[in-house]
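Comments concern the structure below.
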Amino acid sequence: MSTQLIQQVDLAHEVRGLKRKIAKLLRRLEQPVDGSDYTLAEWRAKRKISKAGFYKMMGAGRGPRTIKCNGIIRITAEADREWEARFTPAEIAAAITDQSNEGTAA
């Protein structure tokens, strides 16, 4: 009987340890890998793009690549550099402003 009790105590201790490890890993997933990833708000602030403009740009297929990690959408530094190299400022401005004008030209 005492061996069963010892096994249960050991198992409970192991489960608590695993829960702590999982919680630590989940916290790490919420943070940028190298400190250079951006949340959407951070990226928009860096690029001086409004929230509405960002979603217009994404709808036009001119936004940066995003990743979803533990329910949080991020833009990696690499995706930011790719986005910057792919589009000129004029193309971005057009995507932000002209999206709402589509279909109105005769």
Original post:
Quick one: if the Förster radius is 22 Å, what FRET efficiency do residue 16 and residue 69 give, using the C-beta to C-beta distance and rounding to 0.05?
Top reply: 0.25
Original post:
How do 26, 40 line up, fewest other C-beta atoms within 10 Å first?
Top reply: 26, 40
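Quote the FRET efficiency, to the nearest 0.05, computed for residue 85 versus residue 52 with a Förster distance R0 of 25 Å and r equal to the Cβ-Cβ distance.
The pair residue 85/residue 52 has a calculated efficiency of 0.50.
Read the figures in this text as sums done on the coordinates, not as results from a lab. This is a predicted model, so every value here is computed, not measured. As a convention, Cβ positions derive from the backbone with ideal geometry for all residues, glycine included, and neighbour counts pool all protein chains shown.
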